[in-house]
Structures are given as C-alpha cells and as structure tokens.
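Since the structure comes first, as structure tokens, the remarks are kept for the end.
The values are calculated or read from the model by the stated rules, or taken from the named source; none is laboratory data. As the structure is a prediction and not an experimental result, all values here were calculated from the model. Here Cβ is always computed from backbone atoms with ideal geometry, including for glycine, and neighbour counts include all displayed protein chains.
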Amino acid sequence: MLGAFGSQARVGIQAVSGWKDWIAGKLGVTAAGDPEEQERARNLAVAALLVEVLRADYEFAATERRQVVESIRSILGLNAAQCEELLADAERQVDGAHDLHQFTSRLNRSLSHDEKLQLLEQLWRVAQADVVVHKYEEHIIRRVADLLHVSHREFIAAKLRSSGDAKRAAASGTEPGSDGSGSQGP
C-alpha cells in the first residue's frame, strides 16, 4: 500500500512541477541559474516594450517599425537578422500579454538606471518616428517610466534627448551646433 502511495505522490509532484513550469513560461520567468536564458528574456522584454509603443496608436507606420528594429540594434547590439527574429518573438509575446509589469519587472532586475534611461529614449524615438506622438504612445511611455522607477524629470529629459539636435535644427532653420554653443534657439 505504501508503494502505491509513493507512486501517486511522485505523479502529483511531477504534475505540480509541470504546472509551475507552464506558469513560469507564460509569465516569462526563467531558471535563475541560466544566464543565457536570462539574457534572452531581458532582450525579449526590451523588444516587447518597443512593440507596445509601436502598437499604441493603432497605426503601424513602416517608419516606426524600422525604428523599432534600429532601437533593438542600438540597445542590444544585435545584427539585423537577430533584430528581426527578436521583433517577431516580441510581437507574439505582446499578443499574449496582459500588462506591462511582466516586462518591466524583468528589466528592473536586470538593467541599470542608465540602461533604463537609454530604453526610454528609444521608446520615444519609436513614438516620434512617424512625426506625430500620439497620446496613447506618450501614455505607454509614461507608464513604463513609472514601472521602471524613473523620475518625471528623467522621463522628460529622455523625451527631449530623443528628439535630437537635427529635429530642433530643422525647425529653427540652422545646422546642429552651428552657433558653436551646442544649444538650439533662444
């Protein structure tokens, strides 16, 4: 009788373990000891947030998609093929996502504060890629900044840095840095 109970207990433990693995997979949680898998999950979280901004205004401009690929390359240092593969994976992940927390919680554990600021700048670049920043794009970026524990001042600074000297120079009709001071405008 004890042998049958032990067998049933093993089956029960395997079932619980299977459920835990399934839930961890759905939540994007990985084994703590696998650095390669942790890096993959971090990269996927970065790309997923870029996709969230891409989709925020419900208009999928080619310029925004190109900016997402460029942002992935810039942040993660991947080649074009790796960027496209990660983007496809991120789009699938976002399709099944229920909130931003599942992505930002991973990034809070793996990114430095400076890396979080760099990510925010890239999120703004995606939003600005089609020239018009939609209120939903700004809302997503604001929520991401809050979830990444970035101050409002840093959120605004990232927005201003992302627009770059070239955009401000085009608006004022001067070349970037042509006055020698590096500042643009009165």
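Return the pairs, sorted by first residue and then second, in which the second residue is in a helix (DSSP H, G or I) and modelled with pLDDT of 90 or more, the first residue lies in the stretch 150-178 and is among the hydroxyl-bearing types (Ser, Thr, Tyr), the beta carbons are less than 6 Å apart, and the residues are 6+ apart or on different chains. Partner pairs satisfying both residue conditions: Ser162/Glu121; Ser162/Trp124; Ser162/Arg125.
Residues that are small (Gly, Ala, Ser) and surrounded by 18 or more Cβ atoms within 10 Å (Cβ to Cβ) within the stretch 75-117 comprise just one, Ala90. Within the set Glu37, Glu70, the sole residue that is in contact with a Ser or Thr (Cβ under 9 Å, 6 or more places away or on another chain) and surrounded by fewer than 18 Cβ atoms within 10 Å (Cβ to Cβ) turns out to be Glu37. All of (1) closer than 21 Å to Asp146 by Cβ; (2) not in a helix (DSSP H, G or I) hold for Leu54 with one exception: (2).
Of the residues making up the stretch 98-118, not a single one is modelled with pLDDT of 90 or more, within 24 Å of Phe60 (Cβ to Cβ) and more than 13 Å from the chain's Cα centre (by Cα). Every listed requirement among (1) more than 17 Å from the chain's Cα centre (by Cα); (2) at pLDDT 90 or above is met by Leu78 save one, (1).
The single condition among (1) in a helix (DSSP H, G or I); (2) modelled with pLDDT under 90; (3) within 24 Å of the chain's Cα centre (by Cα) that Ser162 does not satisfy is (2).
Before we move on, is Val126 part of a loop (DSSP other than H, G, I, E, B) and under 20 Å from Lys159 (Cβ atoms)? It is false that Val126 is part of a loop (DSSP other than H, G, I, E, B) and under 20 Å from Lys159 (Cβ atoms).
Among the conditions (1) surrounded by 18 or more Cβ atoms within 10 Å (Cβ to Cβ); (2) in a helix (DSSP H, G or I), Val133 misses just one, which is (2). Among residues of the stretch 65-92 that are without any contact (Cβ under 8 Å) to a residue 40 or more places away in the chain, those with a beta-carbon under 7 Å from a residue that is of a type outside the set (A, V, I, L, M) and loosely packed, with under 14 Cβ neighbours inside 10 Å at least six positions away or on a different chain give the pairs Val69/Glu84.
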